[in-house]
Ligand SMILES: C[S@@+](CC[C@H](N)C(=O)[O-])C[C@H]1O[C@@H](n2cnc3c(N)ncnc32)[C@H](O)[C@@H]1O
């Protein structure tokens, strides 16, 4: 029995069955939870994400930032808030790409896990949040690490890679009598209970679901996006994540397909097994988030110059392969990264949600 399981069981005995999102939140972010213990994205941790594959993803994000910065008439300060920043791989790669906006750039890594915030602070040069937000013009780039979204209004952008899939979903099941909510009882097993708000949302999302169908309801992700958008005076919110276009697609699949667990670079067990010791993550259905624009990650990266960066790397590799020096090796790994980031059955098939 894990420490998280013990605590959850006590809480359920006191208060009754808990909604899935509350249980998942505790398993990931509560005391002894998966992320709270410093686990997560990275080669030395549990799974790889686009920024953790290598610096190319950040180099393309740097190009996108420059485009947005131009759209904002080279605003200074230009504040970029990164949600769910993990150990800071994205900002490192963005700064490494030396974007034109660097002098105006104030980057805030927002990360809920204290050990991951400490890991980011250990490898980045950071300043206190108030200093970063209050820095004089032209003093960028400056970086801060924060446990919560900073309070705006800001001119800039909000970005998040693989955050929304980690904001715990409510789960609904279609029964013979209509929709019910999946909760967790003191055996740490699923129970179905009626809930009017869940039923109404589920019915609206998938009115013709078959009995037995399940869907996630992304209340917390919607709230996070609304909060992020409300901090921006002007500028885009851009979220990268795996998922599908419509919730109905998930209703036709078994829940283990879209509510998955990971640990130690492999898949974990059922979502209620070893609570606190495995990541629990949910495919993100775009229809619940209502972005202004949704496109695949491959298309987004290409629209911001990925092919050009990959072509340059390919020529460098061809010219220098015989030398086998660091420049040659970096170029070769960039070519490989480009293939991984655009693979339609992998990272390239992720969706990019943009609110203007
Ligand atoms: C899958 S990881 C992605 C990390 C990083 N963005 C990457 O791509 O490598 C999700 C991260 O979001 C963090 N997180 C979850 N909820 C959060 C919230 N409400 N605010 C800030 N960070 C959060 C988790 O602790 C975790 O580090």
Within the stretch 12-28, does at least one residue satisfy the condition of being closer than 22 Å to residue 159 by Cβ and in contact (Cβ under 8 Å) with a residue 12 or more places away in the chain?
yes
Based on this model, can you work out whether residue 223 counts as at pLDDT 95 or above, within 16 Å of the ligand (Cβ to nearest atom), under 27 Å from residue 47 (Cα atoms) and under 23 Å from the mean Cα position of the chain (by Cα)?
yes
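Let's see how each residue does on (1) on the phi > 0 side of the Ramachandran plot; (2) part of a strand (DSSP E or B); (3) in contact (Cβ under 8 Å) with a residue 60 or more places away in the chain:
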site	(1), (2), (3)
159	no, yes, yes
165	no, no, yes
168	no, no, yes
173	no, yes, no
179	no, yes, no
183	no, yes, yes
187	no, no, no
191	no, yes, yes
In the stretch 95-128, what residues are over 23 Å from residue 227 (Cβ atoms), part of a helix (DSSP H, G or I) and within 21 Å of the chain's Cα centre (by Cα)?
95, 115, 118, 119, 121, 123
Being at positive phi and either in a helix (DSSP H, G or I) or touching a helix residue (DSSP H, G or I) at 6+ places or on another chain (Cβ under 9 Å) (or both), is that true of even one residue in the stretch 57-72?
no
Name the residue that is surrounded by the fewest Cβ atoms within 10 Å (Cβ to Cβ), counting only residues in the stretch 47-68 that are more than 22 Å from residue 103 (Cα to Cα) and more than 9 Å from the ligand (Cβ to nearest atom).
53
Test set (1) assigned to a strand (DSSP E or B); (2) surrounded by fewer than 22 Cβ atoms within 10 Å (Cβ to Cβ); (3) more than 24 Å from the chain's Cα centre (by Cα) - residue 155 fails condition number:
(3)
Find the residue count for the stretch 294-317, including only residues that are under 12 Å from residue 61 (Cα atoms) and touching a strand residue (DSSP E or B) at 6+ places or on another chain (Cβ under 9 Å).
4
Top-ranked residue of the stretch 290-308 - restricted to ones that are in contact with a helix residue (DSSP H, G or I) (Cβ under 6 Å, 6 or more places away or on another chain) and within 16 Å of the ligand (Cβ to nearest atom), ranked as nearest to residue 216 (Cα to Cα):
297
Which numbered condition trips up residue 75, out of (1) in contact (Cβ under 8 Å) with a residue 24 or more places away in the chain; (2) surrounded by fewer than 19 Cβ atoms within 10 Å (Cβ to Cβ); (3) part of a loop (DSSP other than H, G, I, E, B)?
(2)
Answer yes or no as to whether residue 32 is assigned to a helix (DSSP H, G or I) and either more than 15 Å from the chain's Cα centre (by Cα) or within 13 Å of the ligand (Cβ to nearest atom) (or both).
no
Matching residues in the stretch 193-224 (crowded, with 18+ Cβ neighbours inside 10 Å and part of a strand (DSSP E or B)) number 4
Is it the case that some residue within the stretch 38-45 is under 17 Å from the mean Cα position of the chain (by Cα), at pLDDT 95 or above and within 9 Å of the ligand (Cβ to nearest atom)?
no
Taking into account only those residues within the stretch 129-151 that are touching a residue at least 60 places away in the same chain (Cβ under 8 Å) and either in a helix (DSSP H, G or I) or in contact with a strand residue (DSSP E or B) (Cβ under 6 Å, 6 or more places away or on another chain) (or both), which is surrounded by the most Cβ atoms within 10 Å (Cβ to Cβ)?
145
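Condition check ((1) in contact with a helix residue (DSSP H, G or I) (Cβ under 9 Å, 6 or more places away or on another chain); (2) within 16 Å of the ligand (Cβ to nearest atom)) across all residues:
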site: 120; (1), (2): yes, yes
site: 157; (1), (2): yes, yes
site: 164; (1), (2): yes, yes
site: 179; (1), (2): yes, no
site: 190; (1), (2): yes, no
site: 203; (1), (2): no, no
What single numbered condition from (1) under 25 Å from residue 72 (Cα atoms); (2) within 11 Å of the ligand (Cβ to nearest atom) fails to hold for residue 150?
(2)
Here are some residues: 100, 114, 135. Which one is over 26 Å from residue 330 (Cα atoms) and at pLDDT 95 or above?
114
Just one of the numbered conditions (1) over 18 Å from residue 128 (Cα atoms); (2) surrounded by fewer than 24 Cβ atoms within 10 Å (Cβ to Cβ); (3) within 12 Å of the ligand (Cβ to nearest atom) is not true of residue 112; which one?
(1)
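The values are calculated or read from the model by the stated rules, or taken from the named source; none is laboratory data. Remember, it's a predicted structure, so these values are computed and weren't measured experimentally. All Cβ positions, glycine included, derive from the backbone under ideal geometry; neighbour counts span all protein chains shown.
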